[in-house]
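Remarks on the structure that follows.
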Amino acid sequence: MFPPMEETKLDIDMTFSMLSLTLFDIHKGTSLCIELRTGGASKEVLEKSVMNFVMEPISSSIRQMTVFSQRAWPSWCEPRELLYLLPRVSVVELYDSHLSVPVLCALDPKMDDTQPPPAVPCPELAVLRLPSATLEDPSVVRYLASISARRVSLGLPLLTVHRLRYGREH
């Protein structure tokens, strides 16, 4: 299928009319991109497209993930289901402020009733890069702190949060 990759970056760009999935090999500078027109596609079709793109052996090579989306994330893919497929991701960048809360909910270990403890999405996640608008909301900042504390209590890395200067504010 794909040549073996050791460390990759996944970019997901969802517009109202297209889904673009790009996998970059961090060390070699090579990439693979698939673009799908999404007009009339159901959530199930979009979710299967994303999930199949990142299945093993690809998922274990992904270290970074960047998401741009004009659509609400849960309208095209369940964030928690995707994040469970990415056990080695250490950096997540969200360029649209409306993506932040669904992803924080997905990363929260206490929100998981379907997996036995201590299974959590992205257990190596250490860096979150979020749009400025997200970090200006005190309730989101408090929620982020509580999620980070719960993850640390499970022996996971402390989440370091960076403010993106050029995020899209919806």
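So the values come out like this:
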quantity	calculated
Where a residue in the stretch 23-42 is at pLDDT below 90 and its partner, wherever it lies, is of a type in the set (D, E, K, R) and buried (at least 16 other Cβ atoms within 10 Å of the Cβ), with Cβ under 8 Å and at least six apart	Ile26/Lys9; Ile26/Arg63
Condition met for Ala126 (more than 21 Å from Ser31 (Cβ to Cβ), in contact with a helix residue (DSSP H, G or I) (Cβ under 6 Å, 6 or more places away or on another chain) and small (Gly, Ala, Ser))	no
Some residue of the stretch 130-144 being surrounded by fewer than 18 Cβ atoms within 10 Å (Cβ to Cβ) and within 24 Å of Leu32 (Cα to Cα)	no
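Residue-by-condition table, conditions (1) surrounded by 14 or more Cβ atoms within 10 Å (Cβ to Cβ); (2) not in a helix (DSSP H, G or I):
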{"position": "Asp11", "(1), (2)": "yes, yes"}
{"position": "His27", "(1), (2)": "no, yes"}
{"position": "Cys33", "(1), (2)": "no, yes"}
{"position": "Met51", "(1), (2)": "yes, no"}
{"position": "Met55", "(1), (2)": "no, yes"}
{"position": "Leu86", "(1), (2)": "yes, yes"}
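Here's the yes/no breakdown for (1) open to solvent by 60 Å² or more (accessible area, probe 1.4 Å); (2) at pLDDT 90 or above; (3) not in a loop (DSSP other than H, G, I, E, B):
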| position | (1), (2), (3) |
| --- | --- |
| Leu104 | no, yes, yes |
| Thr114 | yes, no, no |
| Pro123 | no, yes, no |
| Arg151 | no, yes, yes |
| Val161 | no, yes, yes |
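The values are calculated or read from the model by the stated rules, or taken from the named source; none is laboratory data. Values in this document were obtained by computation on a predicted structure and should not be read as measured data. Note: ideal-geometry Cβ built from the backbone for every residue, glycine included; neighbour counts use all protein chains shown. Ligands, DNA and RNA are stripped out before the accessible areas are found, and what is left, the full protein with its side chains, is counted by its heavy atoms. Shrake-Rupley method; radii C 1.70, N 1.55, O 1.52, S 1.80 Å.
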